[in-house]
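*Asks:* Have a look at the structure that comes next, please.
The values are calculated or read from the model by the stated rules, or taken from the named source; none is laboratory data. The structure displayed is predicted, hence computed values, not measured ones. Because the Cβ atoms are built from the backbone with ideal geometry, glycine has one as well, and the counts that use them run over all protein chains shown. Keep in mind that these areas ignore ligands, DNA and RNA; they rest on the heavy atoms of the full protein, side chains included. Shrake-Rupley method; radii C 1.70, N 1.55, O 1.52, S 1.80 Å.
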Amino acid sequence: MPRFSVILLGFAFAGYAGGVAAQTKDSQRATASRSGGAGCVEIDVQAATSSASAADDSANHGYNLSNLDRSVAPCDDFFQFADGGWIKSNPIPSTHPSWGVGDKLQQNNIEALRQILEDAAKEKGAAAGSNWQKIGDYYASCMDEAQVEAAGLKPLDAEFKRIAEIKNRAGLEAEIARLQQYGVNAVFRFGADSDAKDSNQIIGQAYQGGLGLPESEYYLRDDEKSQQLRAAYVAHVTKMFQLLGDDDARAAKEAKTVMDRETSLAKSSMKPVDLRDPDKTYHKMTIAEVHQLMPHFAWKNFLRDVGASGVSSFNVGQPEFFKHVDLELTSVSIADWQTYLRWHLVHAVAGTLPAKFVSENFDFYGRTLTGSEEILPRWQRCVESTDNQLGEALGPYYVKRYFPPEAKAKALIMVQNLVAALRADLSALDWMSPATRQKAIEKLDTLSFKIGYPDKWRDYSKYEVSRVPYANNYLEGSAFEFNRNLAKIGKPVDRAEWDMTPPTVNAENGSSWNEIVFPAGILQPPFFDPNRDDALNYGDMGGVIGHEMTHSFDNAGAKYDAHGNLKNWWTPEDLKNFQDRGKCIAKQFDAFEVEPGLHENGELEEGESIADLGGLVIAYAAYHKSLEGKPEPAPIDGFTADQRFFLAYAEGWATQFRPELARLLANTNEHPLDKFRTLGPLSNMPEFAKAFQCSAKTPMVRAEAERCRIW
Ligand SMILES: [Zn+2]
């Protein structure tokens, strides 16, 4: 269930983990910034590290000069200058579709989690029902390949039987309801989240879905690469049906049926750019109103089946899509729907099944879609899966070992300095009227912060874990999370909750809660190191904090008021001014070329790019404010403090991508590629040009009339 109010930093890209963990997050933990992910492509980073096992690069707490490529002038291509050395000496491992500073941090973190999980798995005397027993047993069951092979498809027998026994539309709808709890992307997705216009209440949310490719456009584009990809997808679906035991001819026919069903759903899906607009996805309806939209779908039964029978109204994210679903459910044969559901069930849990399923799943979602050459080792997939299903049971052990209270205190000070800088900036903006300014400052003043880990950990007592076949633990965990989420409907929001697990190398801004969140996993070197000089911390982590703060004021975030409600607080003139400034940025990103014939999508990336530029401007101001009354810092390694600030910013984006993944991201992701996240903001900042004494004619400097600036 996409939580549309959350915007992730998108710091790096772990890519498709190989199928073990990949399917849960999109449907259960929700990452709206990844609106492209239709349940199969995990575009998120789960990671962490420790100060102790910190990235080797930053062991000296300084800036690593070997990151540089001095054969390129900083004013010609700052990404290459600042990150070229790092990229050259850090090739992409065969198991990854991309590799960057953030991925390396993630890798350290995963190894730290592995230690914890192996300790837990070894222990025989853990108290039954304790979190230590649960994480140990979950990990052990995932690692027990012999048991997985011996169990075969048995963990799914009951579910396949139910699908086979569907006789009519009522049966079909009941099965769609049932499969929701397992995170199966069956036709659409139903979950719970804040009411965008009454942020203190949790309501039901129906959201478009039902696809096996990353997003709807994949079914509709006509270029050669897209056609090839669709052919590869159909071949993959065919293979999965064969693995389920169907003969070749039948499997091929079934794959065609799946493709027809999904193409039809894709045609009526809302486009990714529109999914970013909270006004376009808010349609709260009473049951009677939903009934008018979908006269043939028995929503009352559906709500009862998913355990939400008291619900009298909910949000329908994409009414046109649901209208179409209603027609499809009446016009398409039950047999075709049974085929479609069988596919989505096996697809959703492929990573937990015997090796032949895992390997076929990786072949398409890893190799073909992202360019990875090899699947991640099993232990790593199992660590990520445990973090996904039991993240807050595992999290306390991680935090205890790797995130001391001092780190939390220091990070908080930095966040407060950034807030003060944004406050000063808002107070002095020349294009904003006093009325809007007052509202903006009010919103900033009510912004809350979450740093490191939750104050209150999630209760897993209703999730039973034992050393049964892995798929059983996985399904049970999916159902636990689904039910836990739906149980919140009608209740006030619990603002202490976290969406991300503590070891995650990412950050987020939750619009409905007017909060910014920084897990322990990202508050680690080189992003943040209390022993580094301030210029580096402000350029790197300061940029991240600024990014999340300014999301509250990007093209989507600006639609929410100080209480986290979707409500306009702008005067018409200020809004127009703001939107024009956003368009300026979108236009710049349209011009960045990913590969011949493929450009970044400025409109899709507008919010993230506003946050990147705004965040860096605010971090720079905060850094200079922190220097007030102090002597000018001396250069280090030949670089002035300002130069080090910008070098640290670029260091955070030192990442390279396989072409397949670069293409996938450019097509689906609202975050531009890391290279452009470096070049874009810097080319708009005269502070950067001044720091490196770039002449007005160099590529890193935009003419004044071409520059964009919001904050
Ligand atoms: Zn962001």
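*Asks:* For region 557-570, how many residues meet the condition of being part of a helix (DSSP H, G or I) and either open to solvent by 10 Å² or more (accessible area, probe 1.4 Å) or modelled with pLDDT of 95 or more (or both)?
*Replies:* If we filter region 557-570 for residues that are part of a helix (DSSP H, G or I), which is where we start, we get 557-559.
Adding the requirement that they be either open to solvent by 10 Å² or more (accessible area, probe 1.4 Å) or modelled with pLDDT of 95 or more (or both) leaves 559.
The total comes to 1.
*Asks:* Kindly provide the set of residues from region 415-462 that are outside any helix (DSSP H, G or I), more than 24 Å from the chain's Cα centre (by Cα) and more than 29 Å from residue 131 (Cβ to Cβ), ordered by number.
*Replies:* If the condition is that a residue be outside any helix (DSSP H, G or I), more than 24 Å from the chain's Cα centre (by Cα) and more than 29 Å from residue 131 (Cβ to Cβ), then 429, 430, 431, 432, 433 are the ones that fit.
*Asks:* Of the conditions (1) within 16 Å of the ligand (Cβ to nearest atom); (2) surrounded by fewer than 22 Cβ atoms within 10 Å (Cβ to Cβ), residue 673 clears all except one; give me its number.
*Replies:* (2)
*Asks:* Of the residues that make up region 545-556, is at least one hydroxyl-bearing (Ser, Thr, Tyr), crowded, with 17+ Cβ neighbours inside 10 Å and within 16 Å of the ligand (Cβ to nearest atom)?
*Replies:* Taking every residue of region 545-556 in turn, at least one turns out to be hydroxyl-bearing (Ser, Thr, Tyr), crowded, with 17+ Cβ neighbours inside 10 Å and within 16 Å of the ligand (Cβ to nearest atom).
*Asks:* Could you please find all residues in region 503-513 being touching a helix residue (DSSP H, G or I) at 6+ places or on another chain (Cβ under 6 Å) and away from the ligand (no atom under 15 Å from the Cβ)?
*Replies:* Result: 503, single match.
*Asks:* Moving on to the next point. Which of the residues belonging to region 643-670 are in a loop (DSSP other than H, G, I, E, B) and within 16 Å of the ligand (Cβ to nearest atom)?
*Replies:* Step one: list which residues in region 643-670 are in a loop (DSSP other than H, G, I, E, B), which gives 653-654, 658, 669-670.
Hits for region 643-670 are 653, 669, 670.
*Asks:* Scan region 463-496 for residues that are modelled with pLDDT under 95 and either part of a loop (DSSP other than H, G, I, E, B) or aromatic (Phe, Trp, Tyr) (or both) and jot them down. Show your work before the answer.
*Replies:* Here is the first cut: in region 463-496, the residues modelled with pLDDT under 95 are 490-496.
490, 491, 493, 494, 495, 496, listed by residue number.
*Asks:* So, one more: Collect the residues in region 571-611 that are within 16 Å of the ligand (Cβ to nearest atom) and assigned to a helix (DSSP H, G or I), keeping them in residue-number order.
*Replies:* 582, 585, 586, 589, 606, 607, 608, 609, 610, 611
*Asks:* Considering each of 284, 280 in turn, give the residue that is more than 26 Å from residue 481 (Cα to Cα) and open to solvent by 20 Å² or more (accessible area, probe 1.4 Å). Talk me through it step by step, then tell me what you get.
*Replies:* Values: 284 fails: more than 26 Å from residue 481 (Cα to Cα).
Unique residue meeting the criteria: 280.
*Asks:* Another question, if that's okay. Would you confirm whether or not region 223-245 contains a residue that is of a type in the set (D, E, K, R), assigned to a helix (DSSP H, G or I) and within 25 Å of residue 482 (Cβ to Cβ)? Even if it seems obvious, please write down each step before you answer.
*Replies:* Within region 223-245, the first condition is being of a type in the set (D, E, K, R), and the residues that meet it are 223-225, 230, 239.
Next, from what is left, pick out any that are assigned to a helix (DSSP H, G or I): 224-225, 230, 239.
From what is left, the residues that are within 25 Å of residue 482 (Cβ to Cβ) are none.
Checked against the condition, which is being of a type in the set (D, E, K, R), assigned to a helix (DSSP H, G or I) and within 25 Å of residue 482 (Cβ to Cβ), region 223-245 yields no hits at all.
*Asks:* Right, residue 371: among the small types (Gly, Ala, Ser), touching a Leu at 6+ places or on another chain (Cβ under 6 Å) and farther than 28 Å from residue 157 by Cβ or not? I'd like the intermediate steps shown before the answer.
*Replies:* Values: among the small types (Gly, Ala, Ser): yes; touching a Leu at 6+ places or on another chain (Cβ under 6 Å): yes; farther than 28 Å from residue 157 by Cβ: yes.
The answer is yes for residue 371.
*Asks:* Taking residue 172 as meeting all but one of (1) over 22 Å from residue 350 (Cβ atoms); (2) open to solvent by 20 Å² or more (accessible area, probe 1.4 Å); (3) at pLDDT 95 or above, write down the number of the exception.
*Replies:* With respect to (1) over 22 Å from residue 350 (Cβ atoms); (2) open to solvent by 20 Å² or more (accessible area, probe 1.4 Å); (3) at pLDDT 95 or above, residue 172 is out only on (2).
*Asks:* Something else: Check region 527-538 and report whether any residue there is open to solvent by 40 Å² or more (accessible area, probe 1.4 Å) and free of Cβ contacts under 8 Å to residues at least 40 places away in the same chain.
*Replies:* Step one: list which residues in region 527-538 are open to solvent by 40 Å² or more (accessible area, probe 1.4 Å), which gives 530-531, 533-534.
Add one more test, that the residue is free of Cβ contacts under 8 Å to residues at least 40 places away in the same chain, and what stays is none.
No.
Rundown of residues vs (1) surrounded by fewer than 16 Cβ atoms within 10 Å (Cβ to Cβ); (2) in contact (Cβ under 8 Å) with a residue 60 or more places away in the chain, yes/no style:
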{"position": "360", "(1), (2)": "no, yes"}
{"position": "366", "(1), (2)": "no, yes"}
{"position": "369", "(1), (2)": "no, yes"}
{"position": "382", "(1), (2)": "no, yes"}
{"position": "387", "(1), (2)": "no, yes"}
{"position": "392", "(1), (2)": "no, yes"}
{"position": "400", "(1), (2)": "yes, no"}
{"position": "415", "(1), (2)": "no, yes"}
{"position": "424", "(1), (2)": "yes, yes"}
